[in-house]
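Enquirer: Here it is, the structure, as structure tokens.
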Amino acid sequence: MIQMKIADIQCFPLRTDLHRSIGFSQWYYTAKNNCLVKITCEDGTVGWGECYGPNEAIATAIEQHFAPRLLGANPLQNEYVWDVLWRAYLDFNRSGIFMAAISGLDIALWDIKGKALQVPVRILLGGTDEPIPCYATGMYYRDDKPEIEMLKELLEEAAGYVAAGYTFLKVKIGKNPEFDRALVKQFRARFPDTFIAADANHAYNFKEAFAMARLLESLNYSWFEEPLAPDNYDDMAALRASTAVPIASGECEQTRFGFQRLAQTKSLDIFQPDIAYCGGLSEFQKIVALASAAHADVVPHCWGLKVNQAVAASAISMLPQNPGRFERRSIYLEMDQTEHPVRDSIFSEAHEVRDGKLHFNDLPGLGVSVDEAAMDPFILRGDG
Ligand SMILES: [Mg+2]
């Protein structure tokens, strides 16, 4: 029996300004915000987790509410610990900030378990060592260009990803229906042999989504992401039934109970839980079971730092085929291509991404290490 004890929990809300703002259907980003959590054990073992969402609010939830309950606990009892945290704040945990906080803590506990047992997390999960193919998320809007010029620039941006070895692109739609139609047509014309998915970030009403689904279907797009408001289960189910283009959603859904609604309403072909938000790796596995029983694929949403990339890649390594067949279908890892000085400078070790694939290292745990001195300038310290 390995005896370990949690001795310290620290949260790091991180921010960096962007040199050029990036837009999608809802707003323009001028900065990137992220939240890392570090759990240190009495024997010096350190685990890193990541939370997706409003970083300072999540940090407060961890520091003021969850950390006091975790100190002294055995980090190897992560399933038990998850349930303790869930029960402790059940009235507030069912969705939102608190569940994002639990997600990061849970990821850190998996990192600790891997390090304690000296195996990678993907081995704990029963996954493979095969490189994980990645899809390039990018093509965000620019507010300094007219639409026609911007579209040309987005096509050139995508050409760079294809030249770098990516065989799968994800574009942003939902700006306005006319521009969206031009964009998806021009991308298909320019990249006839590339997988392409389109992400509306819940910008359409049903009729707009219905028309776009027909167009994406005719252009052989790989999926139509967040066509409708995330709570619009019935219309999502009707849209799914109307088209052969797969319908994907779930990045703003949490827990098995949230995804059960999506399963029960048969509204999705692809579940997209974000492991840093949906409840962590422990809860993600329950969502995978639900998706499997609903005959849906799981493609984790991943739009953060390399902790989230590592845990998403580890999870993908064990995902089941729905359905199975001789020629396996690949599940692609989301690889955000946008400017991100924090993501690109604070990790001293991480899995290598080259030729459009993530290649696992053999380090125990999640396989990432944080250079805390490099992270320091990005930490928000509550002084504005
Ligand atoms: Mg999305």
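Enquirer: Could you derive backbone 3J(HN,Hα) for the stretch 100-114 from the dihedral phi with the Karplus parameters 6.51, -1.76 and 1.60 (θ = phi - 60°), listing whole Hz in sequence and x where the residue is Gly or Pro?
Expert: 4, 5, 4, 4, x, 5, 4, 4, 5, 5, 5, 4, 4, 4, x
Enquirer: What dipole magnitude, in Debye to the nearest 20, does the chain give about its Cα centre under +1 on Lys/Arg Cβ and -1 on Asp/Glu Cβ?
Expert: 800
Enquirer: Quick one: grab the alpha carbon gyration tensor of the stretch 248-305, order the square roots of its eigenvalues as a ≥ b ≥ c, and give me rounded if a/c is under 1.5, else prolate or oblate depending on whether a/b is larger than b/c.
Expert: prolate
Enquirer: With N set to the number of residues, divide the alpha-carbon radius of gyration of the chain by 2.2 N^0.38 Å and report two decimals.
Expert: 0.96
Enquirer: A follow-up question, please. Determine, for each peptide in 129-142, 334-347, the mean count of other beta carbons within 10 angstrom over its residues, then list the peptides with the highest first.
Expert: My ranking of the peptides, most packed first, is 129-142, 334-347.
Enquirer: Additional query: Viscosity 1.567 mPa s, temperature 4 °C: give me the Stokes-Einstein translational D for the stretch 6-119 in µm²/s, with Rh taken as the Kirkwood radius over C-alpha pairs. Please list the in-between numbers first.
Expert: Values: Rh = 14.8 Å.
For these conditions, the coefficient is 88 µm²/s.
Enquirer: Counting only other residues whose beta carbon sits under 10 Å from that of Y52, what net charge do I get with K and R as +1, D and E as -1?
Expert: That sum, taken over residues with Cβ under 10 Å, equals -3.
Enquirer: How do V368, V84 rank when sorted from fewest to most other Cβ atoms within 10 Å of their own Cβ?
Expert: V84, V368
Enquirer: Convert each backbone phi in the stretch 269-281 into a coupling constant with the Karplus relation 6.51 cos²θ - 1.76 cosθ + 1.60 (shift: θ = phi - 60°), then list the ³J(HN,Hα) values in order as whole Hz, x for Gly and Pro.
Expert: Residue by residue, the stretch 269-281 yields 8, 10, 8, 10, x, 9, 5, 7, 9, 6, x, x, 5 Hz.
Enquirer: Summing -39500 (n - 2.57) over the DSSP H runs of n ≥ 4 in the chain and dividing by its residue number, what mean residue ellipticity at 222 nm do you reach, to the nearest 500 deg cm²/dmol?
Expert: -11500 deg cm²/dmol
Enquirer: Here is a follow-up. Please build a GNM for the chain, connecting alpha carbons under 10 Å apart, and tell me which residue among F12, F224, F179 fluctuates the most.
Expert: F179
Enquirer: Now a separate question. Treating cross-link reach as a plain straight distance, find the lysines whose alpha-carbon is under 30 Å from the alpha-carbon of K266, omitting any fewer than eight places away in the same chain.
Expert: K170, K172, K175, K185, K207, K286
Enquirer: Turning to a different aspect of this structure: Have a look at F210, F284, F168 and tell me which one the Gaussian network model of the chain (Cα, springs below 10 Å) gives the largest fluctuation.
Expert: Result: F210 has the largest fluctuation of those listed.
Enquirer: Which of A310, A373, A100 moves most in a GNM of the chain, Cα contacts under 10 Å?
Expert: A373
Enquirer: Another one. Ranked by Cβ crowding within 10 angstrom, fewest neighbours first, how are S314, S25 ordered?
Expert: Arranged by neighbour count, lowest to highest, S314, S25 become S25, S314.
Enquirer: Hey, which lysines would be in cross-link range of K38, C-alpha to C-alpha under 17 Å, not counting anything within fewer than 8 residues on its own chain?
Expert: Within reach: K5, K113, K115, K306.
Enquirer: For W110, what is the net charge nearby, where nearby means another residue's Cβ is under 13 Å from its Cβ and Lys, Arg count +1, Asp, Glu -1?
Expert: On the way: positive: K113, K115, R122; negative: E50, E79, D106, D111, E283.
Residues close to W110 contribute a combined charge of -2.
Enquirer: Hey, how many Å between the Cα centroid of the stretch 328-384 and the Cα centroid of the stretch 54-123?
Expert: Result: 20 Å between the Cα centres.
Enquirer: Considering the chain, which cysteines have no disulfide-compatible partner, defined as another cysteine with its Cβ under 4.7 Å away?
Expert: C11, C41, C134, C252, C278, C302
Here, each number is a calculation from the coordinates, and none is a lab measurement. All values derive from a computational prediction rather than experimental measurement. With ideal geometry, Cβ positions are generated from the backbone for all residues, glycine too; neighbour counts draw on all protein chains shown.
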